[in-house]
There are 2 protein chains.
Amino acid sequence: MTEPVKYVLDESRLPKSWYNLMADLPSPPPPVLHPATKKPVGPDDLAPLFPTALILQEVSTEREIEIPEPVREVYRQWRPTPLFRARRLEKALGTPARIYYKYEGVSPVGSHKPNTAVAQAFYNREAGVKKLTTETGAGQWGSALAMAGAFFGLEVKVFMVRVSYNQKPYRRALMESFGAKCVPSPSPETNSGRAIWEKNPEHPGSLGIAISEAVEVAATNDDTKYSLGSVLNHVLMHQTVLGQEAMAQMEMAGDWPDIVVGCTGGGSNFAGLAFPFIGAQLRGGKKVRVIAVEPAACPSLTRGKYAYDYGDTAHLTPLVKMHTLGSTFVPPPFHAGGLRYHGMAPLVSHCQELGLIESRAYTQTEVFAAGLQFARAEGIVPAPEANHAVKGAIDEALRCKLEGTARTILFNLCGHGHFDMQAYMDYFAGRLTDQRYDEKELAMALAGLPSVPA
Amino acid sequence: MTEPVKYVLDESRLPKSWYNLMADLPSPPPPVLHPATKKPVGPDDLAPLFPTALILQEVSTEREIEIPEPVREVYRQWRPTPLFRARRLEKALGTPARIYYKYEGVSPVGSHKPNTAVAQAFYNREAGVKKLTTETGAGQWGSALAMAGAFFGLEVKVFMVRVSYNQKPYRRALMESFGAKCVPSPSPETNSGRAIWEKNPEHPGSLGIAISEAVEVAATNDDTKYSLGSVLNHVLMHQTVLGQEAMAQMEMAGDWPDIVVGCTGGGSNFAGLAFPFIGAQLRGGKKVRVIAVEPAACPSLTRGKYAYDYGDTAHLTPLVKMHTLGSTFVPPPFHAGGLRYHGMAPLVSHCQELGLIESRAYTQTEVFAAGLQFARAEGIVPAPEANHAVKGAIDEALRCKLEGTARTILFNLCGHGHFDMQAYMDYFAGRLTDQRYDEKELAMALAGLPSVPA
């Protein structure tokens, strides 16, 4: 009998509730502030953007929030997702470490994003909403929401950062396959977009601008709400299905992680894996080292300031306290489009302040090299975002080799790279560079952070 | 409790053997003939191309052939694959039919092809082979063999039909991610390729030419063997893991198909699903209607001649009796590259002659429309090849609606379309045409079939 490589949970073990880290934190994160009054926001302030159920989840301190059965029914199509032991990678590295990875690439759109897209579409449908707007960079989030919209009969409009709209036509085609409408941003369709578009119709756009456009459309149309793919508390919470499953699967393997690794852009896949482990630790369980890995070209956790900032460029969103590079910061080009956001989820930021997680940054050429080593050993070509987690896990495994210590490492392989082969082609052709951000621009963006009364 | 949408087999139920339809057929298929002598080939004739173990499998009449443990260990990474009940599609169609699909897109390269690639790489490694050559059209097969080669430490050289090499750089990048070498065919690297390449270095190529090149390299290098992704008996047999799993999953669902549907190019994914069901029927089990769906632009089963023909353009391969459009037939352009082969697997052809299967052909615009209807209901965007099976299943479900009959339909969703989004973009843009082949060219190709002594 060979050793197991895969741990599969029976469908009956699909989590029945999402896990809310707020219940176990020693202190709550700072309040969200209204952009005009700079006073804490109330549910009414958020009502134009989100249905009540999601607003309540955003501020809930209940440990467990029940997953509605129609959401679980959709989840069941690909959940519980497999947990793999990376035995061939361990052998290739010659490490005594045991490396496990949770694999979210088995979802129909190839990433973890449907975990929250399906939940958000459900609650909006229940609230009588007809249309959803959102933004997308590389397109993982947009395609997940497009699929969820098709399932629940909602129209979906996606503002796609123009440079990605032009460079990633296949992600756009995927969204359109599900019947969603995809608009290059900045667009003439909104006030915030038009102001930029009129000066330069070929403006490359940014996530911050696209968020402004999507928020504006939702705020000004009664039948339309806004949907966000990361950063917010309820979004991170929806992702905890994956971490809860991973805990059950680690038990099945008779093992438990010493180290948990995830990549961070807005923070949702990282939180989805890490929060259940952090919560268990806070409730007296085993101490786990949790490592957030981010791109060196957009290093909010390792180089950003922990401060109140806007989520978007036009400053339509509330102010949240987070590790931020400043809402005007524009990172240099790199391929992990899902990690190109100026801020970090407030809850992830708060965890770092509390010393519950550590963070590190890698350049893109080193993460692609790690991703290819993984692909040749394990057969799965990771998304560029996921390569950051792969690199973090491999580095820890190599440290084990150096120290002769057999630690258990668990990381989240949040998606496959089938839509990102251009990035691999660029890597093979030597066209990937490790361009650094401009220190002066970062300093300026940070100097422009809004002032908030103490 | 909601109704199940997914049937998952425990890892312990991964098949222990491949199923060989030869054991249950009422008569054997006609013998394979040597291209020069036109006498039946013996194992020695095939030895330059294949390792002994695979040659023995090719001619075996044993019902079950044990799957080696190292092959099962790799299979276990993604097998058993899920069987889904397409409840949302049923609802969208308003059909009383129960529609099930076996989903092979969960393999690391997104198709069923690794089922045989892994087995072939294993047997070649065991035989001391260092290098494998093969051909690929759209790239599903090439990427599967590239991955399997990486797992078993074999160098892989893929002759890729030039038009696909240029139009599908992402499949090529996937092969290169696994360390394989990809060569546009016709190439100057072989005698058969050079003869064409010298006249036109930009010749678009064909599967027939690429096979000639790959066979030539294997035949003329001691450390190199040839690997084929479809058509041959042993390749079809390796795919029966999926049909055997589907049988167990249908039992788990408390149901059994009245109709089994698969798409056919060379025949391997179709045979993988259908042969175990046909075998059970031949041994006295329930009668099942089995439908092979092929592209109207390359209709070997519905318009080809059942005759001896070569597998390649340069006539280096043995002669096999099959439904063929003639080895010189060039189909008009269409997107399902995996179905652009002039011949059909001899065993599938023989089944049609015996009345065990029926066949039908669809045009590409109608199969893309069916694929999109499926995607919006089920979330999975199928590969263009798989869209043919989707269309076949939907048509049967609509017939059930018309007749008011609740039949059970099972089809094979042999792969996802994440690498094929250009085809969907072309469809959305109205650029997909249903170009017919030229009847005169088909007649000429058929007139040129080799004469074989009775």
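Of the set (1) away from chain B (no Cβ under 14 Å); (2) touching a Ser or Thr at 6+ places or on another chain (Cβ under 6 Å), all apply to A:Gly415 but (1). From the list A:Gly404, A:Gly392, A:Gly371, A:Gly337, the one residue that fits, being out of contact with any helix residue (DSSP H, G or I) (no Cβ under 8 Å at 6 or more places or on another chain) and under 26 Å from A:Val106 (Cβ atoms), is A:Gly392. When restricted to residues that are assigned to a helix (DSSP H, G or I) and within 23 Å of the chain's Cα centre (by Cα), the range B:126-138 contains 0. Checked against the criteria, B:Glu385 counts as within 24 Å of B:Ala138 (Cα to Cα) and among the acidic types (Asp, Glu).
A:Val59 falls short on exactly one of the conditions (1) within 14 Å of chain B (Cβ to nearest Cβ); (2) under 25 Å from A:Met322 (Cβ atoms), and that condition is (1). Hey, any hits in the range A:173-181 for a residue that's more than 10 Å from every other protein chain (Cβ to nearest Cβ), surrounded by fewer than 24 Cβ atoms within 10 Å (Cβ to Cβ) and part of a strand (DSSP E or B)? Among the residues of the range A:173-181, at least one is more than 10 Å from every other protein chain (Cβ to nearest Cβ), surrounded by fewer than 24 Cβ atoms within 10 Å (Cβ to Cβ) and part of a strand (DSSP E or B), which makes the answer yes.
Restricting attention to the range B:92-118, the residues that are within 11 Å of chain A (Cβ to nearest Cβ) and farther than 18 Å from A:Val109 by Cα total 4. Among residues belonging to the range B:376-401 that are within 11 Å of chain A (Cβ to nearest Cβ) and over 17 Å from the mean Cα position of the chain (by Cα), point out the one that is nearest to B:Phe84 (Cα to Cα). Filtering first and then ranking leaves B:Glu378.
When you look at B:Val390, is it part of a helix (DSSP H, G or I) and β-branched (Val, Ile, Thr), yes or no? Here the answer is yes, as B:Val390 does meet what is asked. Scanning the range A:150-172 for residues that are modelled with pLDDT of 95 or more and aliphatic (A, V, I, L, M) returns A:Ala150, A:Leu154, A:Val156, A:Val158, A:Met160. Residue by residue through the range A:400-423, note down the ones that are over 16 Å from A:Val290 (Cβ atoms), out of contact with any His (no Cβ under 9 Å at 6 or more places or on another chain) and of a type outside the set (A, V, I, L, M, F, W, C). Scanning the range A:400-423 gives A:Lys401, A:Glu403, A:Gly404, A:Thr405, A:Gly417.
In the set (1) over 26 Å from A:Ala377 (Cα atoms); (2) among the hydrophobic types (A, V, I, L, M, F, W, C); (3) over 17 Å from the mean Cα position of the chain (by Cα); (4) buried (at least 24 other Cβ atoms within 10 Å of the Cβ), B:Leu232 fails one condition alone, (3). Consider the range B:11-48 and keep the residues that are touching a residue at least 12 places away in the same chain (Cβ under 8 Å) and within 14 Å of chain A (Cβ to nearest Cβ). The one that is nearest to B:Glu66 (Cα to Cα) is B:Lys16. Of all positions in the range A:279-296, at least one carries a residue that is in contact with a strand residue (DSSP E or B) (Cβ under 8 Å, 6 or more places away or on another chain) and acidic (Asp, Glu). Say whether the condition of being within 11 Å of chain B (Cβ to nearest Cβ), surrounded by 24 or more Cβ atoms within 10 Å (Cβ to Cβ) and under 16 Å from A:Val109 (Cβ atoms) is met by at least one residue in the range A:152-164. Looking through the range A:152-164, none of the residues is within 11 Å of chain B (Cβ to nearest Cβ), surrounded by 24 or more Cβ atoms within 10 Å (Cβ to Cβ) and under 16 Å from A:Val109 (Cβ atoms). Scanning the range B:182-193 for residues that are farther than 30 Å from A:His418 by Cβ and not in a helix (DSSP H, G or I), we see that the one that is farthest from the chain's Cα centre (by Cα) is B:Pro188.
Number of residues in the range A:194-240 that are acidic (Asp, Glu), part of a helix (DSSP H, G or I) and modelled with pLDDT under 95: the value is 0.
Tell me which residues, restricted to the range B:148-164, are charged (D, E, K, R) and within 28 Å of B:His335 (Cα to Cα). Matches in the range B:148-164: B:Lys157, B:Arg162. You will find that of A:Thr61, A:Thr52, A:Thr37, the residue that is among the β-branched types (Val, Ile, Thr) and closer than 19 Å to A:Gly311 by Cα is A:Thr37 and no other. Just one of the listed residues (A:Gln373, A:Gln422) is more than 25 Å from A:Phe277 (Cβ to Cβ), facing another protein chain (nearest Cβ under 9 Å) and polar (S, T, N, Q), namely A:Gln422. Answer yes or no as to whether A:Thr81 is touching a residue at least 60 places away in the same chain (Cβ under 8 Å), touching a helix residue (DSSP H, G or I) at 6+ places or on another chain (Cβ under 6 Å), more than 8 Å from every other protein chain (Cβ to nearest Cβ) and among the polar types (S, T, N, Q). Here the answer is no, as A:Thr81 does not meet what is asked. When the range A:98-150 is filtered for residues that are among the hydroxyl-bearing types (Ser, Thr, Tyr) and either within 15 Å of A:Met175 (Cα to Cα) or out of contact with any strand residue (DSSP E or B) (no Cβ under 6 Å at 6 or more places or on another chain) (or both), the ones remaining, listed by number, are A:Ser107, A:Ser111, A:Thr116, A:Tyr123, A:Thr133, A:Thr134, A:Thr136, A:Ser143. Put simply, of B:Thr136, B:Thr116 the only residue that is among the polar types (S, T, N, Q) and either under 17 Å from B:Glu216 (Cα atoms) or modelled with pLDDT under 95 (or both) is B:Thr136. From the list A:Gly267, A:Gly338, A:Gly304, A:Gly326, the lone residue that is within 20 Å of the chain's Cα centre (by Cα) and under 18 Å from A:Tyr19 (Cα atoms) is A:Gly267. Annotation: of all residues in the range A:422-446 being part of a helix (DSSP H, G or I), of a type outside the set (Lys, Arg) and without any contact (Cβ under 8 Å) to a residue 12 or more places away in the chain, the one that is surrounded by the fewest Cβ atoms within 10 Å (Cβ to Cβ) is A:Glu439. For the range B:260-273, the criterion of a residue being farther than 25 Å from B:Leu49 by Cβ, in contact with a Gly (Cβ under 7 Å, 6 or more places away or on another chain) and surrounded by 24 or more Cβ atoms within 10 Å (Cβ to Cβ) is satisfied by at least one position.
The values are calculated or read from the model by the stated rules, or taken from the named source; none is laboratory data. The structure presented is a predicted model; accordingly, all values stated were derived computationally and were not measured. Glycine also receives a Cβ, built like all others from the backbone with ideal geometry; neighbour counts cover every protein chain displayed.
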